[in-house]
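Enquirer: Shown below is the structure under consideration.
The values are calculated or read from the model by the stated rules, or taken from the named source; none is laboratory data. All figures in this text were calculated on a predicted structure; none of them were measured in a lab. Glycine also receives a Cβ, built like all others from the backbone with ideal geometry; neighbour counts cover every protein chain displayed. Note: areas computed on protein heavy atoms with side chains; ligands, DNA, RNA excluded. Shrake-Rupley method; radii C 1.70, N 1.55, O 1.52, S 1.80 Å.
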Amino acid sequence: MKENLYKYILGIADNSLILGQQLGALTGHGPSLETDIACTNISLDLFGQVRSYYQYAAKIKGEGATEDSIAFLRTERKYLNVLLVEQPDTDFAYTIGRQFLFDVYHFLFLNELQKSHDVTLSAIAKKSIKEVSYHQRFSSDWVKRLGDGTEESKLRMQNAISDLWTYTDELFHQTEADKAMVEEQIAVDVTTLKDKYYETVNAILTEATLEIPESKWFQKGGKKGIHTEYLGYILSDMQYMQRAYPNMEW
Amino acid sequence: MKKNWPLWEVFVRSKNGLEHRHFGSLHAADEQMALENARDVYTRRSEGVSIWVVESKHITASNPENNGELFEPAHDKVYRHPTFYDLPDEVKHM
């Protein structure tokens, strides 16, 4: 089995899975019918992407692995998503802030992944980038609306950005598997995306009349399977059916 | 929050359609948000290729109480329907 490629794919796909699960859990709880549907749509886009990645990963893993076993039957330490996507929906501003800080990265990432020498990954990136382009538009738009909105919305948006900021640097970390894949021109060298990322994020925060956080201290660990306390709760919700009724199908 | 947002009417032109049709309404703070909300609410099953939104207050509607004088006089004038001659095949979209 191509261990590095397998891990590399999980590193990409787990971000979308956990973020998709978070947004999906909000269904019916959005601040308005319209934003509720928008969040659910984004969730479904992400799950669609996840399925393509996991189907590919299952093929590489063999041993009877399926997209479902990869999604539902791993333990917490085996998930390789960044810490950012597992942060909770404290309020709508946090949901939007998390989405925005991830979307900007996701778009830059997929843009480069299209050039991957791995044809499957390149094809998934080409298919996904239009969806993610819209996600970024949606979340950026809301950052601006809330930031440049009322006193209350500005305060909440600022709190969300300031709190989540500490999870942004990890997006540009590389694991050993990532580095090996970059060597083979399969992976995106995420370190090269960092400047453009902060440039884009800062421009939108400025337009939203928000302060750009100055903190230079960043959290990390997700890419190595060391997570914040929130992931366990997300997984227990998400995995419940498969754990309680193994191999059940709808 | 939502109760402060104005109501918008959404018109979508579907893939095979030639004109925009009324699809429904939604709430949004401004025209940009109305367009994006319309995209999410009404075109998620790939129904459309073009969207128009207009704030509902800009629509002037006829009064149902006047339906008698407005519409009933047309009921007995069947000759106004183009059903008394054959349409050539070359004429499309009638």
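Enquirer: Relative contact order for region B:13-64: what is it in percent, counting Cα pairs under 8 Å that are at least 6 residues apart?
Expert: Working: 35 pairs, mean separation 21.5, N = 52.
That works out to 41 percent.
Enquirer: Where in chain A are the helices, taken as whole DSSP H runs, whose Cα atoms extend 18 angstrom or more along the long axis and whose Kyte-Doolittle mean reaches at least -0.5? Don't jump to the answer; show the numbers that get you there.
Expert: Details: long enough: A:3-25 (32 Å, 0.29); A:33-61 (41 Å, -0.03); A:92-113 (30 Å, 0.65); A:119-147 (40 Å, -0.34); A:151-164 (20 Å, -0.84); A:194-207 (20 Å, -0.82); A:230-244 (21 Å, -0.16).
Span-like helices here: A:3-25, A:33-61, A:92-113, A:119-147, A:230-244.
Enquirer: Ignoring ligands, DNA and RNA, what percent of the accessible area of the protein assembly as shown is carbon or sulfur (1.4 Å)?
Expert: Values: 9870 of 19130 Å².
Ligands and nucleic acids excluded, carbon and sulfur reach 52 percent.
Enquirer: So, one more: Pick out which of B:A34, B:A74, B:A61 has the largest mean-square fluctuation in a Gaussian network model of chain B, springs linking Cα atoms closer than 10 Å.
Expert: Fluctuation is largest for B:A74.
Enquirer: If you don't mind, another one. Just to be sure I understand the model, the point goes 7 Å from the Cα along the line to the Cβ. What's the resulting B:D76 to A:R137 distance in nm?
Expert: 5.5 nm
Enquirer: Just check chain B against the gyration tensor rule for me: Cα atoms, a ≥ b ≥ c as the square roots of the eigenvalues, rounded for a/c under 1.5, and otherwise prolate or oblate depending on whether a/b exceeds b/c.
Expert: On the way: a/c = 4.21, a/b = 1.48, b/c = 2.85.
Because a/c hits 1.5 or more and a/b fails to exceed b/c, chain B counts as oblate.
Enquirer: I want to verify a result. In a Gaussian network model of chain B, Cα cutoff 10 Å, which of these has the top mean-square fluctuation: B:G24, B:G48, B:G68?
Expert: B:G68
Enquirer: Another question, if that's okay. Can you tell me which of A:39-47, A:124-132 comes out highest on packing, and rank the rest after it, using the mean Cβ neighbours within 10 Å?
Expert: Details: A:39-47: 20.8, A:124-132: 18.9.
Sorting A:39-47, A:124-132 by mean packing, highest first, produces A:39-47, A:124-132.
Enquirer: In Å², what does the accessible area per residue of the protein assembly as shown work out to with a 1.4 Å probe? List each step's numbers first, then the result.
Expert: On the way: 19130 Å² over 344 residues.
Accessible area per residue, the protein assembly as shown: 56 Å².
Enquirer: Further question on the same structure: Give me the count of lysine pairs in chain B whose alpha carbons sit under 28 angstrom apart, restricted to pairs 8 or more positions apart or on different chains.
Expert: Lysine pairs satisfying the spacing and distance rule in chain B number 4.
Enquirer: What are the trypsin sites (Lys or Arg not before Pro) within region B:36-73 that DSSP puts in a loop, where the Cβ has at most 11 other Cβ atoms within 10 Å?
Expert: Sites meeting the loop and neighbour criteria: B:R45.
Enquirer: Report relative contact order for region A:8-98 in percent, whole number only (criteria: Cα-Cα under 8 Å, sequence separation at least 6). Don't jump to the answer; show the numbers that get you there.
Expert: Values: 94 pairs, mean separation 33.0, N = 91.
Reported as a whole number, the value is 36 percent.
Enquirer: Based on alpha-carbon centroids, what's the gap between region A:200-223 and region A:114-137 in Å, whole number please?
Expert: If we compute the Cα centre of each part, the gap is 24 Å.
Enquirer: Just in region A:5-109: which GluC sites (Glu not before Pro) are loop by DSSP and have at most 15 other Cβ atoms within 10 Å? The partial results should precede the final answer.
Expert: Values: sites: A:E34, A:E63, A:E67, A:E76, A:E86; in loops: A:E63.
Hits after loop and neighbour filter: A:E63.
Enquirer: Can you tell me the 0 to 90 degree angle between the C-alpha axis of helix B:31-42 and the longest principal axis of chain B, rounded to 10?
Expert: 70 degrees
Enquirer: By the gyration tensor of its Cα atoms, with a ≥ b ≥ c the square roots of the eigenvalues, what is the shape of region A:122-220: rounded for a/c under 1.5, prolate for a/b over b/c, or oblate? If you can, show how the numbers build up before the last one.
Expert: Working: a/c = 3.02, a/b = 1.65, b/c = 1.84.
Oblate shape, in that a/c is at least 1.5 and b/c is the bigger or equal ratio.
Enquirer: Quick one: compute the contact order of region A:54-201, relative version, from alpha carbon pairs under 8 angstrom and 6+ residues apart, as a percent.
Expert: 26 percent
Enquirer: What fraction, in whole percent, of alpha-carbon pairs in chain A exceed 23 Å separation?
Expert: Taking all Cα-Cα pairs of chain A, the fraction more than 23 Å apart is 49 percent.
Enquirer: Would you look at the GNM of chain B, springs on alpha carbons closer than 10 Å, and say which of B:E36, B:E65, B:E19 moves the most?
Expert: Top of the fluctuation ranking is B:E65.
Enquirer: Out of region A:170-210, which GluC sites (Glu not before Pro) are coil in DSSP terms and have no more than 15 other C-beta atoms within 10 Å? Intermediate values should be presented prior to the final figure.
Expert: Details: sites: A:E170, A:E176, A:E183, A:E184, A:E199, A:E207; in loops: A:E184.
Hits after loop and neighbour filter: A:E184.
Enquirer: Which whole-Hz ³J(HN,Hα) couplings does region A:63-79 yield from phi under the Karplus relation 6.51 cos²θ - 1.76 cosθ + 1.60, θ = phi - 60°, glycine and proline marked x?
Expert: 6, x, 5, 10, 4, 6, 5, 5, 6, 10, 10, 9, 8, 3, 5, 8, 7
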